[in-house]
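Report on one structure; see the data block that follows.
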Amino acid sequence: MTGGSKWHTVERSGEQGSTPGRAGLLVFIGKHDRSLDDKGRLVLPSNYRRDFEDAGGGVLAPWDRCLALWTKAKFEDVMKQLIEKVRAGEADDDVVRLFQGDAADVQLDSQGRFVVPEEHRRHAGITREVKVLGQTDRVELWDAGRFGEVQRDKTPDEVSAEIRRLHIF
């Protein structure tokens, strides 16, 4: 595992939590190295599992050059927002059909594993080695080599400069 952790909200009682329905926002952070097993299963990093277990699983869908995994509650929010965009004429019905149609239900087994469907692996170019990234409200699954290219394309200094340019800090 490389670095990687997950932020939690801390409520007044001092209890840590990041599940839907609690104060705060899900914030998945960090990156982890994983390998698919011979059955195409991936072990979700332990610091992400609680949110998916508490949510009754997740939803996996093709996203950009990778796969995205949302808790069921967050995916429902994403779909509601997307449908609102269709109703407002800002998005096409086919976007909803294709995005939701390509989504897959994810259930973790007792060891925190889930099957990554073959069609999803093809989309992301995942063969065996996987980089698992926390991305605030979702977890992304990247082919390790493909993500290595992304990392080589932008140095940490370039990332910092871009964030400074946006005047976030």
Flag if Arg138 is surrounded by 11 or more Cβ atoms within 10 Å (Cβ to Cβ) and in contact with a Lys or Arg (Cβ under 8 Å, 6 or more places away or on another chain): yes
Among the candidates Ala161, Ala73, residue that is assigned to a helix (DSSP H, G or I) and either acidic (Asp, Glu) or surrounded by fewer than 17 Cβ atoms within 10 Å (Cβ to Cβ) (or both): Ala161
In the range 123-169, residue nearest to Lys72 (Cα to Cα) [restricted to those that are small (Gly, Ala, Ser) and touching a residue at least 40 places away in the same chain (Cβ under 8 Å)]: Gly134
Any hit, the range 140-156, residues being of a type in the set (A, V, I, L, M, F, W, C) and within 18 Å of Leu26 (Cβ to Cβ): yes
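Read the figures in this text as sums done on the coordinates, not as results from a lab. Since we're looking at a predicted model, the values are computed, not measured. Ideal geometry is used to build each Cβ from the backbone, glycine not excepted, and the neighbour counts take in all protein chains shown.
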